[in-house]
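All of the numbers you see were taken from the coordinates with simple rules; none came from a lab. In this text, all values refer to a predicted model and were calculated from it rather than measured experimentally. In this analysis, Cβ positions are derived from the backbone assuming ideal geometry, glycine residues included, and neighbour counts consider all displayed protein chains.
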Amino acid sequence: MHLVKSCAILGLLEDLLGFKPLNMKTNTPFHVLGILTVWLLGYAHLLAQSGETLSFKVSDTQFEAPKAWVKIQPSSSMRKAQFAVKREGIQDAGEVVFFHFGPGGAGGVTANIQRWYKQFKEPVEQLGTQTEKMDVEGVPLTLVRASGTFMSGSPFGPKTAKANYSMLAGILESPKGSIFVKFTGPRDLVQDARKEFLAMLKSARIRP
């Protein structure tokens, strides 16, 4: 019985490593299990080190963004972090931007949400807006969503109408001032990257 188990475990280990690491005649099932366990732990450690996320910090808060997102130089001093989100088959890239203005800066949650809605051409009633409240490590987080014709451009500059766009946004009420995160892009792209965006927000950890 032990011989059969050892053979099975050895076969698995050989498949994983790509060579025969043990001599069947000189190793017990416990030796085999021990070596396999050590190898698996080492492999898990390598995966953790390679990482599937990119760490970055805004104010006192650390986030983990998907490595597939492209971190780019913020286009203005108001932007504390900026990413491009791309999907095969979709021409326009999505944009994720982080803002932070310090304690009390940029107004409250409601005022900012209303300002974001006004960046669309259509009236609020036609944007299919959604709002959700939760907390991350005890810090309040407000999530909003809207879809329509997004008027892309700087606040006081010319605008370009982007039809069939969506916005996902979050306001994290951190101790050193709220962090505003806005994700805009083609509707299909934003929908496809929704889980990634939410996971990034929920990864927030305050690091004084």
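P(r) tail for segment 92-155, what percent of Cα pairs lie past 13 Å?
Summing the P(r) tail past 13 Å for segment 92-155 gives 72 percent.
So which trypsin sites (Lys or Arg not before Pro) in segment 94-167 end up in coil per DSSP with only 11 or fewer other C-beta atoms within 10 Å?
The qualifying sites are Lys118.
Label Gln126 and Met78 with points 7 Å out from Cα along Cα→Cβ: what is the distance between them in nm?
Label at Gln126, label at Met78, 2.6 nm between them.
A 24 angstrom limit on the alpha carbon distance is what I want to check against. Which of Lys57/Lys195; Lys71/Lys121; Lys86/Lys162; Lys57/Lys86; Lys86/Lys133 exceed it?
Lys71/Lys121; Lys86/Lys133
Could you give the nm distance between label points at Ile90 and Asp60, where each point is 7 Å from its Cα heading toward the beta carbon?
Spacing of the two 7 Å Cα→Cβ label points: 3.5 nm.
Return the FRET efficiency for the residue pair Ser154, Glu52: r is the Cβ-Cβ distance, R0 is 35 Å, and the value is rounded to the nearest 0.05.
Plugging the Cβ-Cβ distance into 1/(1 + (r/R0)^6) gives 0.55.
Counting alpha carbon pairs within less than 8 Å and at least 6 residues apart, what relative contact order, in whole percent, applies to segment 53-206?
In percent, rounded to a whole number, it is 25.
Using the C-alpha atoms of segment 57-207, what convex hull volume per residue, in cubic angstrom, is computed?
Once divided by residue count, the hull of segment 57-207 is 110 Å³.
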